[in-house]
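Here is the structure we will look at, set down as structure tokens.
The values are calculated or read from the model by the stated rules, or taken from the named source; none is laboratory data. Just so it is clear, the structure is predicted and the values come from calculations on it, not from any experiment. Counting neighbours? That spans all protein chains shown, and the Cβs are built from the backbone with ideal geometry, glycine included. The protein model used for the area step is the full one, side chains on, heavy atoms only, and it has no ligands, DNA or RNA in it. Shrake-Rupley method; radii C 1.70, N 1.55, O 1.52, S 1.80 Å.
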Amino acid sequence: MSITGTEQSASKRSSLADTAYEALRQQLLTLEIRPGDPLNDAALAEGLGMGRTPVREALKRLEADKLVVSYPKRGTFATRVEITDLVYVSEIRMQLEPMAASRAARVATAATRSELVDIQEQLRGFDIEHASVTEILTCDSMVHRAVYRAAGNPYLEDTLIRYNNLATRIWCMVIDRLPRLTEHVQEHVQLLQEIIDGNEKQASALARQHVERFEAAVRSALFAA
């Protein structure tokens, strides 16, 4: 079956929209685009070297992710980060992160467990104390998304990615004031090991503990500022 010009054009638009989405999401997560900043699709398109249509499509996806918000006659803005968001986001993650970890330990295939072993080795060699914020966030995202995929539930995966994104924005606000980031990496190493070994209860407990420690550390940094 041949691919028509219309289909090729649609595929190209979709690819550009994906590229715009990933680039803008990274800027929003790392606070390169600050909370509350106005988002002009023409300026964003120029910065990304593409047309306005894929950027508009990306902004719609980012609005569904609650990373941007649109107001009639006012425009589109980066979502503000409120202290109360930490409580709401953590409350949900404390329920779903353990569920994903437990399920991953139970259902992950041999191939998936092998991938987790590879990620674990990358973590052991990661120098978090000398890494940039972007490198730390990329590493953290790699681990969380690997666990979500290993859980084998696309709806759970999609939900957790969105809430992890929101948590990441909060984390970025205080990352320069957080001590013991090495322990953050070590917690991931231990969590992956429990999943690899198929220990559901231990994986669930470690995932919940990880979220609890994250909330406590960020809350302490926020109120110490």
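Take the residues in segment 24-39 that are of a type outside the set (A, V, I, L, M, F, W, C) and at pLDDT below 95; name whichever of them is farthest from the chain's Cα centre (by Cα).
First, the residues of segment 24-39 that are of a type outside the set (A, V, I, L, M, F, W, C): 25-27, 30, 32, 34-38.
Still in the list and also at pLDDT below 95: 25-27, 30, 32, 34-36.
Values: ARG25: 9, GLN26: 9, GLN27: 12, THR30: 11, GLU32: 15, ARG34: 17, PRO35: 16, GLY36: 19 Å.
Among them, the one singled out is GLY36.
Pick from ILE92, ILE170, ILE83: which is open to solvent by less than 50 Å² (accessible area, probe 1.4 Å) and aliphatic (A, V, I, L, M)? Steps first, please.
Working: ILE92 fails: open to solvent by less than 50 Å² (accessible area, probe 1.4 Å); ILE83 fails: open to solvent by less than 50 Å² (accessible area, probe 1.4 Å).
The unique qualifying residue is ILE170.
Here are ALA111, ALA100: which of them is in contact with a helix residue (DSSP H, G or I) (Cβ under 9 Å, 6 or more places away or on another chain) and part of a helix (DSSP H, G or I)?
Details: ALA111 fails: in contact with a helix residue (DSSP H, G or I) (Cβ under 9 Å, 6 or more places away or on another chain).
Step by step, each of ALA111, ALA100 is checked, and only ALA100 is in contact with a helix residue (DSSP H, G or I) (Cβ under 9 Å, 6 or more places away or on another chain) and part of a helix (DSSP H, G or I).
State which residue is nearest to ALA207 (Cα to Cα) when the search covers only segment 135-161 and only residues that are of a type in the set (S, T, N, Q) and open to solvent by less than 70 Å² (accessible area, probe 1.4 Å).
Here the answer is SER141.
Identify the residue in segment 50-69 that is small (Gly, Ala, Ser) and modelled with pLDDT under 95 and, among all such residues, is nearest to ASN164 (Cα to Cα). Don't jump to the end; show me each part of the working.
Going residue by residue through segment 50-69, those that are small (Gly, Ala, Ser) are 51, 58, 64.
Then keep just the ones that are modelled with pLDDT under 95; that gives 51, 64.
Numbers: GLY51: 29, ALA64: 14 Å.
By that ranking, first place goes to ALA64.
Given (1) surrounded by 18 or more Cβ atoms within 10 Å (Cβ to Cβ); (2) modelled with pLDDT of 95 or more; (3) charged (D, E, K, R), identify the lone condition not met by GLU215.
Status for GLU215: all satisfied but (2).
Out of segment 33-66, which residues are over 27 Å from GLU82 (Cβ atoms) and part of a loop (DSSP other than H, G, I, E, B)?
GLY49, MET50, GLY51
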